[in-house]
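Have a look at the structure below, then the notes.
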Amino acid sequence: MKRLRWWSVVAVAAVVVAVASVFALDLPGRTAFLAREAPKACELMAQGASPFGGASVCTPLGRHTPPLGNPDGQVFLLLETSTGPAAVRIDYTDTGSGDYTATAVEVPTWEAPGISHDTAERIKEGINQRGGLKTVPWAVHGAP
C-alpha cells in the first residue's frame, strides 16, 4: 500500500510540474498572440522591405509556437514574387510587451508546412535563380 501511495504522490507532482511549466513559459499567452497576429502576416510582409521585391500573392501555410519561447512564435508564408516563389518564416519575439518584433527569413521547402511536391519544385527553382536562400533575416515589424 505504501508503494501505491508513493507512486500516486509522484504522479500528482509530475502533473503539477507539467501544468506549472506550461504557464511559467507563457505558452497560452504566446499561442493567443500568434492566433491573433498570424492572419496579419501577409500585411506585415507587404509593409516591410523584402529582398524579393513586391509579392503578388501571399499564402499563409501555418504557425508554430515553440515550447521554450525562442522565438515566441512563428508563421510560415508562401510568397509569389517577381523573382519566383519563396517560402518565408516570420519569427515573433517580445510578444508579451506592447511592441513586438517580427523578422522574416527564407526557409527551405522541407521546413515550411503544407507545401506540395510541385510547389516545392517551383520554390527550389526560384531559390536557384536567386542564387541561394536568403538566410539573413530582415525586419518586418519593430526593431530587430
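The values are calculated or read from the model by the stated rules, or taken from the named source; none is laboratory data. Just so we're clear, the structure is a prediction, and the values are computed from it rather than from any experiment. Counting neighbours? That spans all protein chains shown, and the Cβs are built from the backbone with ideal geometry, glycine included.
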Hey, among the residues in the stretch 90-130 that are part of a strand (DSSP E or B) and of a type in the set (D, E, K, R), which one's farthest from residue 57 (Cα to Cα)?
91
Would you point out the residue of the stretch 49-89, among those that are hydrophobic (A, V, I, L, M, F, W, C) and touching a residue at least 40 places away in the same chain (Cβ under 8 Å), that is farthest from residue 123 (Cα to Cα)?
68
Scanning the stretch 131-144 for residues that are assigned to a loop (DSSP other than H, G, I, E, B) and not small (Gly, Ala, Ser), which turns out farthest from residue 44 (Cα to Cα)?
133
Restricting to the stretch 87-121, name every residue that is over 13 Å from the mean Cα position of the chain (by Cα) and surrounded by 11 or more Cβ atoms within 10 Å (Cβ to Cβ).
94, 96, 100, 108, 109, 114, 115, 119, 120, 121
On the basis of being among the hydroxyl-bearing types (Ser, Thr, Tyr) and at pLDDT 70 or above, does residue 8 make the cut?
yes
Hits in the stretch 41-57 (condition: under 20 Å from residue 142 (Cα atoms), exposed (fewer than 15 other Cβ atoms within 10 Å of the Cβ) and at pLDDT 85 or above)
43
Would the stretch 58-66 turn up any residue that is over 23 Å from residue 28 (Cα atoms), surrounded by 14 or more Cβ atoms within 10 Å (Cβ to Cβ) and in contact with a Phe, Trp or Tyr (Cβ under 7 Å, 6 or more places away or on another chain)?
no
